[in-house]
Amino acid sequence: EITSLLSLYGGQFSGEQEIHVNSPFWILNIPSEEMARGLMKRTVCAKSVFELWGHGRSAGELYSSLKNYPMDKMLPYLQSDSTYKVHIHTFNKTLTQAQKIKKIDALEFLPFKGKVNLKNPEHIFWILEDYGMDPNNVPEEPFHLYFGRWVHGQRELIESYSVKKRHFIGNTSMDACLSFIMANHGRVKPNDVVYDPFVGTGGLLISSAHFGAYVCGTDIDYNTIHGLGKASRKNQKWRGPDENIRANLRQYGLEKYYLDALVSDSSRPIWRKGTLFDAIITDPPYGIREATRRTGSQKETVKLAERSTENHIFVSSNYHLSDIFFDLLKFAAECLVMGGRLVYWLPIYRPEYTEEIIPRHPCLKLISNCEQMLSSHTSRRLITMEKVKEFKDQDQNSYSLDGQYMPYRGHNSFREKYFSGVTKRIAKEEKDNQK
């Protein structure tokens, strides 16, 4: 998420960051404080951003680093007419109050001229100490120390968009935190057009609309799109007349960004050919809590298709998980703008997982592959891909599961076998957990 936002706002990881890959504290090179604030207003993975004044592997190194920090950059925040406080945060260790005071007093060489105000200071300075990631082996002294001026923090976003308070929800409505992470992976920005082909109750549209994008979606489920049928909320039998996707966006003051939601089968694209969307952000059904369906029966004939009218309701059949991903990648390759991103979840069975399993397409480059653990054996991967090549007719059926692009049908049996196994194992684990 941070990497995606840096590419959107500007900035990069510091060269020193390679040393601290497993640290919760990251050093970034960001051109301006304004950009740092813009990044923090969007991220849900980071807690705060600081202007780094000094750091080191010991207290002595930290103090030497602070003494070498340019005085002209310090002075605006140390004036006699200002107020301040110093806060200490230790990762993986708890300090006593006496220990904290001792560490703060050791900074007396800094030219603080303002008054201390613990309740409402103008400037807040932090000492950050990293004691490693192993709670069973905590060292006496920190591995790394940092000192800096607090610039911005943001943790209210997730709470204000909590699914618990949402007007219209479904059985698998996406958690607000994950929704915002997905929008950030997709680098959604104002005036983008964002599409969800498995829109459900529209949870993923809300996060994109919050960032100023125009949103739309489709789903095969008529009742969900129109807000009809049985309710998913506890102690409520049927959905109310105003429970729908539009009402959700209206709840957060985002209705102006809502284009529409349509009843449509994602295996039969309804859109005209060409680049239509800046980002496609979606959570395909896995066939566990939500059925995977497509229009038409397994014995569907051409005659039936010719006979169908506007009012004809197709019977539905199983939509295999492997076909869902193939159709999704093909659609993204065709309809994303150049540089646009596809962000989606891929369920996997961990003992058999290898990166070669991830579906590929010659027009799409894999940007990131992040794991969310569901159990000891199952998880799902948040896959982010970027369009790097214009879609052409020869890419119509190109597909890859092992790094080599090939005609889609030639690899069908292997894909179906793997993803069928994934679905069955996840379903079995859910059933066992319920017992």
note = By my count, helices (runs of 4 or more DSSP H) wholly in the range 95-188 with at least 3 residues that are under 30 Å from GLY38 (Cα atoms) and among the hydrophobic types (A, V, I, L, M, F, W, C) are 176-185
request  = Quick one: in the range 363-375, of everything that is buried (at least 17 other Cβ atoms within 10 Å of the Cβ) and either in contact (Cβ under 8 Å) with a residue 60 or more places away in the chain or part of a loop (DSSP other than H, G, I, E, B) (or both), which residue is farthest from the chain's Cα centre (by Cα)?
outcome  = CYS363
note = Filtering the range 127-161 down to residues that are open to solvent by 20 Å² or more (accessible area, probe 1.4 Å) and small (Gly, Ala, Ser) yields GLY153, SER160
query = So is SER82 more than 35 Å from the chain's Cα centre (by Cα), closer than 28 Å to TYR131 by Cα and surrounded by 13 or more Cβ atoms within 10 Å (Cβ to Cβ) or not?
reply = no
ask   = For the range 191-198, does any single residue satisfy the condition of being open to solvent by 20 Å² or more (accessible area, probe 1.4 Å) and part of a loop (DSSP other than H, G, I, E, B)?
value = yes
request  = Determine, yes or no, whether ILE124 is farther than 16 Å from LEU62 by Cβ and surrounded by 15 or more Cβ atoms within 10 Å (Cβ to Cβ).
outcome  = yes
Among (1) closer than 30 Å to SER208 by Cα; (2) touching a helix residue (DSSP H, G or I) at 6+ places or on another chain (Cβ under 7 Å), the one test that GLY56 misses = (1)
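Residue-wise test of (1) open to solvent by 80 Å² or more (accessible area, probe 1.4 Å); (2) touching a helix residue (DSSP H, G or I) at 6+ places or on another chain (Cβ under 7 Å); (3) outside the structural domain of TYR195 (by the TED database).
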position	(1), (2), (3)
ASN235	yes, no, no
GLY240	no, no, no
LEU249	no, yes, no
TYR252	no, yes, no
LYS256	yes, no, no
SER264	no, no, no
SER267	no, yes, no
ARG272	yes, no, no
query = Quick check, is VAL343 outside any helix (DSSP H, G or I), more than 16 Å from ASP283 (Cβ to Cβ) and of a type in the set (A, V, I, L, M)?
reply = no
query = Do we have TYR63 as part of a helix (DSSP H, G or I) and in contact with a strand residue (DSSP E or B) (Cβ under 9 Å, 6 or more places away or on another chain) here?
reply = yes
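Yes/no matrix, rows are residues, columns are (1) under 22 Å from ILE158 (Cα atoms); (2) of a type in the set (Ser, Thr, Tyr); (3) modelled with pLDDT under 90; (4) more than 17 Å from the chain's Cα centre (by Cα):
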residue	(1), (2), (3), (4)
SER173	yes, yes, yes, no
GLY186	yes, no, no, no
VAL215	yes, no, no, no
PRO241	no, no, yes, yes
LEU262	no, no, no, yes
GLY287	no, no, yes, yes
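The values are calculated or read from the model by the stated rules, or taken from the named source; none is laboratory data. Predicted model only: the values in this text are computed from it and were never measured. Glycine also receives a Cβ, built like all others from the backbone with ideal geometry; neighbour counts cover every protein chain displayed. Side chains included, ligands, DNA and RNA excluded: accessible areas come from the protein's heavy atoms. Shrake-Rupley method; radii C 1.70, N 1.55, O 1.52, S 1.80 Å.
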